[in-house]
1. Rank by packing, highest mean first: peptides A:68-80, A:18-30, with packing defined as the count of other Cβ atoms within 10 Å averaged across residues.
2. If each of A:Phe153 and A:Lys45 carries a label point 7 Å out from its Cα toward its Cβ, how far apart are those two points in nm?
3. Run the simple label-point estimate for B:Thr232 and B:Lys113 please: 7 Å along Cα→C-beta, distance reported in nm.
4. Per 0.36 nm of contour for each residue apart, how much would the distance between B:His138 and B:Ser241 grow if the chain were fully extended, relative to their Cα-Cα spacing?
5. Taking the DSSP beta bridges in the protein assembly as shown as the whole, what percent of them are antiparallel, to the nearest 5?
6. With θ taken as phi - 60° and the coefficients 6.51, -1.76 and 1.60, list the Karplus ³J(HN,Hα) couplings across segment A:67-84 in order, rounded to whole Hz; mark glycine and proline as x.
7. Give the long-range amide H neighbours of B:Glu219: residues separated by 5 or more places, or on another chain, with amide H under 5 Å away, using H modelled in the peptide plane at 1.01 Å from N.
8. Which length gain, in nm to one decimal place, applies between B:Lys60 and B:Tyr14 when the Cα-Cα distance is subtracted from 0.36 nm times their residue separation?
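Any read-out appearing in this document is the output of simple, stated calculations on the displayed coordinates, not a laboratory observation. Everything numeric here is computed off the predicted structure, so don't read it as measured data. Because the Cβ atoms are built from the backbone with ideal geometry, glycine has one as well, and the counts that use them run over all protein chains shown.
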Amino acid sequence: MNAEVLISYFPLYGEAFWLTVRIGLIGIGLAFVIGIVTAFFSYFKVPFFSQLSKVYIELFRNTPLLVQLFFIYFGLPKIGIRISAEVCGVVGLGLLGGSYMAEGFRSGLEAVPKSQTESALALGMTRGQMFFNVIFPEAFSLSVPAIVANIIFLLKETSVFSAISLMDLMFTAKDLIGLYYNTTEALFLLVLFYMVMLLPVSILGNVIEKKVRFKMFGA
Amino acid sequence: MEEILNISNLTKRYDDLVVLDHVNLSVKKGEVIVLVGTSGCGKSTFLRCINALEKIQEGKVSLDGEVINPAGGKLNTVRERIGMVFQSYDLFPHKTVLQNMILAPVKVKKINKKEAEKEALALLDRVGLLSKKDSYPHQLSGGQKQRVAIVRALMMHPEVLLLDEITAALDPEMVREVLDVVISLAREGRTMIIVTHELTFARAVADRMIFIDGGKIVEEGSPEEFFNHPKTDRLKKFLDSFSYD
C-alpha cells in the first residue's frame, strides 16, 4: 500500500464521508418520524391511515433501496417531479427506513403489557396522554435494539447512492479505482471510512441500550 | 348514609358467554364492600365494568347520580373519580416512584408539580416508603410496589377505590404490609370495593360481604352473618373450601 496515495485520496474520502453522513442522518431522521407516525396509526387502528401504513410498510420493506431510488430519481421526472440527487437520497432512505422503523416501534408497542394501558386509563388519562406518557416511552426503550440495528443498516444502505451519481464513499472509491487503478488503497480507505462512521453508532447504541434497559428492568 | 355508586341490571357478555347477569348493587359513601367468589365467577370483570374498562351490554353504573357506564361523555373524567389498583401493580417501569405518583395529577388534573410532589411525599411517608421516592419500580419488592400503586391511585382523590386482588401476586410475608394500608384507608372512611381471597382480611375490613357465583350476587350480608351463618349452600361450599379441619 502506498502512503502517498492514501494521503492524496484522504480529502476526497473526507468530503464523501460528510456527504454520506449528512444524507444518512437527515434520511434516518425522516425515517424516524415516518416510523413513529405509522406506528401511532397502526397502534390506534386509525381508520384508513392504519391500512395505508400497512400498504406503505409492505411496499417499502419488500423492495430494494436501489429500485426505490431509481423510481424516485428516474421515474418521477417522467411525471414532472424533478428532485436533486441529494434530496432523492434523503427521501429514498427516509421511506425505506420509515418502514423498518415502523416495524421496530410496533414490536416495542406490542411488547408493552396491556395492563399498563389499563392502569394509565384507570388513572383518568386520555388515550393520547396514555400513549405519550406511558406506552410510547416504554415501547421506545424496548425498541432500542431494533432501532440501533436499523440505523446501522440504513447507514450502510447509503452505499447504493452512487447509482444515482451522489458522490458518497462508494462512488468515490469506484471513481478513484476507475481513474488510477490504486485498488488496494481505494478499498482500504473505503472500509476505514465506513468503520469510522459505523463503529461509534454501534458503541453508542450499546450504551443507550444498557442504560434504558437498566432503568426499566434492572438487568 | 347517602348512596354514592349505583349499579343496576349490569350485564356483561362476551358473545354468548354471560359473565355478569343483571347484577344490582348500591354502595353508600364510606362503605367497604368485599366481593368473594371462585375464580372466573365474574368478580374482577364486575370491578372493571364499574370504571368502564369493560363495555357492558345491559344496565348501567351511576356515580353520584351520573351515569358512567355506558358512558355518554368523556370516560377519562369519570375514571379520575374512581381509583383502581390491580393485581399486577402496573407501576410505570420507566418512572421513579415519585414520578409514577405525580404523572396523572400533573397531566390529567393539571395540578402544580410542586404541590403534587408535596402530597406524594406525604402519602409515601404514610405507607413507610419515603426513602424509596427516587427508586424505580424494579428496585422494589412486590409489597412495596403494591403500596406505591395504592397511594398513586389516592393521588387522584378518587371518590371510590376499586381493589382487584391486590395481594394475589404477593409472597405471603408481604401481604400484611399491603392489607394494613387498606385497613387504614377503610378506617378513614374511604369508599372501597375490594375483590380478595384473603378471607380473614375481608372479615376485618368489610362493612358488607358479597358472594358472586355464576355472574350473579348469590348472597350478601354483614361479615358476621356471612361467615358464621351463610344461608345458601353455594356460599357454604365456597367457605368450606378454605378450611382444613
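1. The most tightly packed comes first, giving A:18-30, A:68-80.
2. 2.7 nm
3. Distance between the two pseudo-spin positions: 5.2 nm.
4. 33.6 nm
5. Just about 55 percent of them are antiparallel.
6. Per residue, the Karplus-derived 3J(HN,Hα) values read 5, 4, 5, 4, 4, 6, 7, 9, x, 4, x, 5, 9, x, 9, 10, 10, 5 Hz.
7. When sequence neighbours closer than 5 places are left aside, the close amide H contacts are B:Phe211.
8. Roughly 14.9 nm would be gained on extension.
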